[in-house]
Amino acid sequence: MARNLEDAVIVITGASSGIGRATALQFAGKGATVVLAARREEALRDVAAECEALGSRALAIPTDVTDEAAVEALARSAVEQFGRIDVWINNAGVTMYGLFYDTDVRSNRRVVEVNLLGVIHGSHAALTYMRERGNGVIINMSSGFGKFAAAYQAAYVATKFGVRGFSEALRLDLKGTGIEVCTVMPTSIDTPIYRYAANYTGHLLRPIGHLLEPEKVAQTLVRLAQKPQREVVVGQAVRSVSLLHTVAPSLFEPATSRQAVEKQLIKSDAPAASGPGNLFEPEPAWTGVSGGYKQERRSAFRRVLRTGLLASAPAAAAFFWLRSRNASV
Ligand SMILES: NC(=O)c1ccc[n+]([C@@H]2O[C@H](COP(=O)([O-])OP(=O)(O)OC[C@H]3O[C@@H](n4cnc5c(N)ncnc54)[C@H](OP(=O)(O)O)[C@@H]3O)[C@@H](O)[C@H]2O)c1
């Protein structure tokens, strides 16, 4: 493949928001040609315009990754337009929160269709062209949940373990062909995914733990395109928890149990109606790179600080007044 990104053609699924959008912009900033896929056409066109403004060539192709023929057409269009595919990033994904027995089978099936079948469709379509040239990199988006599980996300966890296993097997199939397969496993990332996740918890969702910026994952994807690696973790939390999962499963389980997830994820938040979120239909709002959660946390922290300061101001004033009075007698 062309290690020089200026000559490279990169296909990115799930490019209309979050990590995929950040990734498109970073590749474009390095002069790569980007082919952008997701369901939201208007958002894709915006991303393409931003990429072109950075000096890159960009093509927006509305695609549902669960549709095998549409994904094949995406690959064909990339090759017809730009001559080849150097890197294919299977990033499109959805998530769903709820205890498994509170969720319906149709929604579980859809999570599998998008997150796992979408990766299979993308890899198959990319290989048609990469094998002709004996060159290319396929990057598949798994998650920390490709290494360990958590309550409330059975279908999502299943797909991310599945993506990791599929990628490992595909890597072995492709040994010696010049085509590389990479798996990426990020920690919690501040993207809109939590805003429109399918939600069967009855509560407003919020991401758990320390959040990283989507740009951090995008940097990893750009690096992998130039220097492929088998598996890459993004975020220290995934390293620590997966170590605990391997060496001390009895200590790991309480950390991601139903009770732990309830405490961190949904307790004390406002109630929310149950529904499939963006599983079947895209959500027109929230097409940005960021989910805005870090900003919300910063604002909440400032509010607490301000309230604390205001509340303690009379006591502090009384303290200093008394001290100055004592000093003067
Ligand atoms: N955020 C995190 O904490 C985190 C952590 C680890 C891994 N990940 C993974 O990172 C990937 C990107 O997620 P994100 O956090 O950036 O969330 P996001 O902003 O919601 O991005 C998901 C992307 O997938 C697209 N998509 C959803 N269903 C699709 C379908 N049927 N066909 C084509 N595209 C579809 C969405 O666009 P449309 O709605 O326009 O189709 C969107 O562009 C996902 O695979 C996710 O599992 C995220």
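Odds and ends about this structure:
- Scope region 199-214; condition within 11 Å of the ligand (Cβ to nearest atom) and at pLDDT 95 or above; matching residues: 211, 212, 213, 214
- One residue stands out among those in region 225-243 that are basic (Lys, Arg) and part of a loop (DSSP other than H, G, I, E, B): the one that is farthest from the chain's Cα centre (by Cα), which is 227.
- In region 142-160, the residue that is nearest to residue 14 (Cα to Cα) out of those that are within 15 Å of the chain's Cα centre (by Cα) and among the aromatic types (Phe, Trp, Tyr) is 156.
- Answer from 183, 246 - the residue that is in a helix (DSSP H, G or I), within 15 Å of residue 147 (Cβ to Cβ) and of a type in the set (Ser, Thr, Tyr): 246
- Residue within region 6-25 that is at pLDDT 95 or above, more than 22 Å from the chain's Cα centre (by Cα) and crowded, with 16+ Cβ neighbours inside 10 Å present: yes
- Taken together, the residues in region 1-48 that are part of a helix (DSSP H, G or I) and more than 11 Å from the ligand (Cβ to nearest atom) amount to 11.
- Index of the failed condition, residue 195 passing every other in (1) without any contact (Cβ under 8 Å) to a residue 12 or more places away in the chain; (2) farther than 27 Å from residue 223 by Cα: (1)
- Any chance residue 264 is modelled with pLDDT of 95 or more and surrounded by fewer than 18 Cβ atoms within 10 Å (Cβ to Cβ): no
- Selection status of residue 29, over 19 Å from residue 189 (Cα atoms) and either surrounded by 24 or more Cβ atoms within 10 Å (Cβ to Cβ) or more than 21 Å from the chain's Cα centre (by Cα) (or both): no
- Criterion applied to 116, 99, 54, 59 was being assigned by TED's automatic domain parsing to the domain that holds residue 145, under 29 Å from residue 264 (Cα atoms) and away from the ligand (no atom under 13 Å from the Cβ), and the one residue passing it is 99.
- Under the condition of being within 14 Å of the ligand (Cβ to nearest atom) and either of a type in the set (Val, Ile, Thr) or outside any loop (DSSP other than H, G, I, E, B) (or both), the residues counted in region 265-298 number 5.
The values are calculated or read from the model by the stated rules, or taken from the named source; none is laboratory data. Keep in mind that what you see is a predicted model, and the values were worked out from it rather than measured. Note: ideal-geometry Cβ built from the backbone for every residue, glycine included; neighbour counts use all protein chains shown.
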